[in-house]
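A short reminder: the numbers here are calculations on the coordinates, not readings from a lab. Worth saying up front: this structure is predicted, and the values here are computed from it rather than measured. Cβ sites come from the backbone with ideal geometry, for glycine too, and all protein chains shown count toward neighbours.
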């Protein structure tokens, strides 16, 4: 038996959390993390403009846009994350 299941994504939750993510990006907390330019996954240094906000638990899977669920990630790592 497989140990996983699929959650049906809630469009209202996704919309709400994307709005929260935009608000979080405007905070000094996120700006200081982004300014450091270190990818959470590969540990490499990037220009701040090359750092994205990645949700550890994706919003589509019930994740939230909170400090405890977002990390800085380079575009490559963010896109390769499954």
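Taking every DSSP helix (H) stretch of at least 4 residues in the chain, weighting each as -39,500 (n - 2.57) and dividing the sum by the residue count yields a mean residue ellipticity at 222 nm of -10500 deg cm²/dmol. Ordering 75, 24 from the fewest to the most neighbouring beta carbons within 10 Å gives 75, 24.
Over all orientations, the chain has a Cα convex hull whose mean projected area works out to 6.1 square nanometres.
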